[in-house]
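Structure, as structure tokens:
Here, each number is a calculation from the coordinates, and none is a lab measurement. Note that this is a predicted model, so its numbers are computed, not measured. A quick note on method: Cβ atoms are made from the backbone with ideal geometry, for glycine too, and the neighbour counts reach across all protein chains shown.
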Amino acid sequence: MDDEESLRRYGLRPAAADLADIRALLGEHAERERRAQGEGDTELMKLCCVQLFNSGDIDDALLVWGAREAGFDAACSIEIELMLGHGLAATKAHLSAHSSSAAAAALDRLRELEADGQFEGFSAGEHSAFYDRYYDEP
């Protein structure tokens, strides 16, 4: 499946019943990308992250982080804001509650970027609307 097929099948705001498939697809392509750069479809990975961002499950923040960390191309394609579907404060609190090294690394990076002012004026709703335009969805 590529990003066009995923967009047709699931849209930007997938049904709850489809989220497991999207997470599996993201995981599969992230693993491919970890094995060899260019093996994972980073455009599809990005779309999966947008779909998860729009789904509203804060647990997906770590999945997005893991996808970003899969390789250089993935990190360039998947912006860190896609972790913030519940906003910066809620995401930082969520990551703080996890003991994994991935959560600690993600939290550290969010704090660095926050200190640099990257998230000033961030709005999940506006970010979602940006992707509506990006993917030409009504």
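Brief remarks on what is shown
- Each of Y135, Y10 was scored by other Cβ atoms within 10 Å of its Cβ. Arranged with the fewest first, they read Y135, Y10.
- Positive minus negative residues near T42 (Lys, Arg vs Asp, Glu; Cβ under 11 Å): -3
- Highest mean first, the peptides 22-29, 107-114 sorted by other C-beta atoms within 10 Å per residue fall in the order 22-29, 107-114.
- Part-to-part distance (alpha-carbon centres) for the stretch 49-75 and the stretch 106-130, which is given in Å: 14
- Charge dipole (Cα centre; +1 on Lys/Arg Cβ, -1 on Asp/Glu Cβ; no other charges) of the stretch 1-108 amounts to roughly 280 debye.
- Mean ellipticity per residue at 222 nm, deg cm²/dmol - from DSSP H runs of n ≥ 4 across the chain, formula -39500 (n - 2.57): -19500 deg cm²/dmol
- Backbone geometry of the stretch 2-12 corresponds, through the Karplus equation with coefficients 6.51, -1.76 and 1.60 at θ = phi - 60°, to 3J(HN,Hα) couplings of 10, 5, 5, 5, 4, 5, 5, 6, 10, x, 7 Hz, x marking Gly and Pro.
- Taken one residue at a time, the phi angles of the stretch 40-54 give Karplus couplings (6.51, -1.76, 1.60, θ = phi - 60°) of x, 8, 5, 5, 5, 4, 4, 4, 4, 5, 5, 4, 5, 3, 6 Hz. Gly and Pro are set to x.
- Estimated FRET transfer efficiency when R0 is 22 angstrom, pair L113-D59 (beta carbons, to 0.05): 0.55
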